[in-house]
1. Counting only C-alpha contacts under 8 Å and six or more residues apart, can you give the relative contact order of segment 39-177 as a whole percent?
2. Between Lys143 and Ser59, take the C-beta separation as r, use R0 = 41 Å, and let me know the FRET efficiency to the nearest 0.05.
3. Once you have the Cα-Cα distance between Thr119 and Ser107, take 0.36 nm times their residue separation minus that, and quote the gain in nm to one decimal.
4. Taking R0 as 22 Å, what FRET efficiency do you get between Val152 and Thr74 from their Cβ-Cβ distance, rounded to the nearest 0.05?
5. May I have the pair-distance distribution P(r) for segment 39-177, computed from all Cα-Cα distances with 5 Å bins from 0 and rounded to whole percent?
6. Would you please give the FRET efficiency between Thr180 and Lys90, computed as 1/(1 + (r/R0)^6) with r the Cβ-Cβ distance and R0 = 25 Å, to the nearest 0.05?
Amino acid sequence: MAAGIVESRRGGNKHAVFRSDGNPVTLRGNEAITTGKTDMNIESFMQGYKTAWERRDPSMFAALFHAEGRYHNTPFQVQHGTAELVEYWKRVQLQEDVHVAYEILASQEGGGIAHWHVTYQVASEELFQIWAKSTGTGLPNRKPGDPLPRMVLDGVLQATFTGDKCAEARIWWHSQPQAT
């Protein structure tokens, strides 16, 4: 496969191929023959979101947005602009074995809504404390030295697009330790 190309698969069946920046690519064999930019839509955004999260790449996440793009990680918190987006997304580097799935619920020109589901292994006590404080549900029963949990997050994302970038994305989500 050509350098910088991410192949997207759903259920084992290829459905689209994207550059690492989220733009679609046409392939002939393993060679990219076109890489023209197109307007972003919810499918291409969610594919980029999935790839950025699974690769734990803050710059790839921020590249989905306009330079002044906004990401509401809760209804009451917003990251605005590239620097804040990168800084916020650094927390995913404290996650391991990340798996992201999504389903497009609504798509229209200039925007869309998707349901997403994520599992990951908490890789640090720091991330576990961030999660515990953000959920408002308190800490699960853990004794010092107990292994860190695998987390399950489930949410909905609404996004608006201008041209080939996201102008604003809002997520509503909840999380819990995965049942063992």
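1. Once normalised by length, the contact order is 29 percent.
2. After rounding to 0.05, the efficiency reads 0.60.
3. The span from Thr119 to Ser107 would gain 1.8 nm if fully extended.
4. Working: r = 18 Å, r/R0 = 0.80.
Approximately 0.80, to the nearest 0.05.
5. Using 5 Å bins, I get a P(r) of 2, 10, 19, 24, 21, 12, 7, 3, 1, 0, 0 for segment 39-177.
6. Numbers: r = 28 Å, r/R0 = 1.13.
With R0 = 25 Å, the Cβ-Cβ based efficiency is 0.30.
Read-outs: derived from the displayed coordinates by stated rules, not from any lab. A quick note: this is a predicted structure, and the numbers were derived from the prediction, not measured. Neighbour counts run over all protein chains shown; Cβ positions are idealised from the backbone, glycine included.
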